[in-house]
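Undergrad: The structure's right below; bear with me while I get my questions together.
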Amino acid sequence: MARVSLVVDGTRYVDEVPARLLLVQYLREQLGKVGTVIGCDTGNCGACTVLYAGPDGAAQAVKSCSMLAVQADGGEVTTVEGLAASDGNLHPVQKAFHEQHALQCGFCTPGMIVAAVDLLREKPHPTEAEIRDGLSGNLCRCTGYENIVRAVQAAAAAMNGGAAAVPTQAAPSEPAPAPASEVGAA
């Protein structure tokens, strides 16, 4: 057993853990942070993404199924549960995912939201291509990503005081009316 001391969602925890316990297992099984989901157990899907700041660095998105709990010792972890304000107000990314319908089954959503928070910290005004690239380590098998991209754009706008435009889904276009010279011609 190894002793770990870390801050998770603003609360310090000191625990004895098996040396090979994954961070995702520690968060879920010992701390009850079940919003961090276990998807693939191989680091490929991104469902378990959390923000991790080591003792000497800035927070960055990490896949908690690829990190041991002992590696997080001395650091700070923010899960999807820790993004909302203490008064219960959702983080702008969480709110945008809800408002833009950026989920279907919801399994990828926690990791997708955390990855988007990290992306917007690094790039407050991302292009669509930067959003798609920034979320490329997170898989969604349901949505086709359109509403996810739209949600990140909406969150960027909200976090920047409305500085970014949020594209709306275009309505189907109607065919142009036929020129008068063609009307009635057969």
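Undergrad: Return the FRET efficiency for the residue pair V14, E128: r is the Cβ-Cβ distance, R0 is 35 Å, and the value is rounded to the nearest 0.05.
TA: That gives a FRET efficiency of 0.20.
Undergrad: Using the Kirkwood formula over every pair of different C-alpha atoms, what hydrodynamic radius in Å results for the chain?
TA: So the Kirkwood estimate lands at 18.0 Å.
Undergrad: Please state the shape class of the range 2-82: rounded when a/c is under 1.5, otherwise prolate if a/b exceeds b/c and oblate if not, all from the C-alpha gyration tensor.
TA: Here the range 2-82 falls in the rounded category.
Undergrad: Next question, about the same structure. Which far-off residues, 5 or more places away or on another chain, put their amide H under 5 Å from the one on L68, with H placed in the peptide plane?
TA: Amide H to amide H, under 5 Å and 5 or more residues apart or across chains, L68 pairs with L23.
Undergrad: Multiplying the sequence separation of L90 and A2 by 0.36 nm and subtracting their Cα-Cα distance, what value in nm do you get?
TA: Additional length available on full extension: 28.2 nm.
Undergrad: Give me M1, M159 sorted ascending by neighbouring Cβ count inside 10 Å, so fewest comes first.
TA: Going from least to most buried by this count: M1, M159.
Undergrad: Further question on the same structure: List, in order, the whole-Hz ³J(HN,Hα) value for each residue of the range 80-95 obtained from phi through the Karplus relation with A = 6.51, B = -1.76, C = 1.60 and θ = phi - 60°; use x for Gly and Pro.
TA: Once θ is set to phi - 60°, the couplings for the range 80-95 become 4, 5, x, 7, 5, 5, 4, 7, x, 5, 5, 5, x, 6, 4, 4 Hz.
Undergrad: Tell me, D133, D118, D87 in order of fewest to most beta-carbon neighbours within 10 Å?
TA: Taking fewest neighbouring Cβ atoms as first place, the list is D87, D133, D118.
Undergrad: Enumerate the amide H contacts of V8 below 5 Å, restricted to partners 5 or more residues apart or on another chain; note that Pro and chain-start residues carry no placed amide H.
TA: Under 5 Å from the amide H of V8 lie the amide H atoms of Y13, V77, each far enough along the sequence or on another chain.
Undergrad: For the range 106-162 and the range 1-71, what is the separation of their Cα centres, given in Å?
TA: 22
Undergrad: What are the semi-axes of the equivalent ellipsoid for the range 92-159, taken as the square roots of 5 times the Cα gyration tensor eigenvalues, largest first, in whole Å?
TA: Square roots of five times the eigenvalues give 16, 13, 10 Å.
FYI, it's all coordinate maths here, none of it is from the lab. Remember, predicted model here, so these are calculated numbers, not experimental data. Virtual Cβ from ideal backbone geometry, glycine too; neighbours counted across all protein chains shown.
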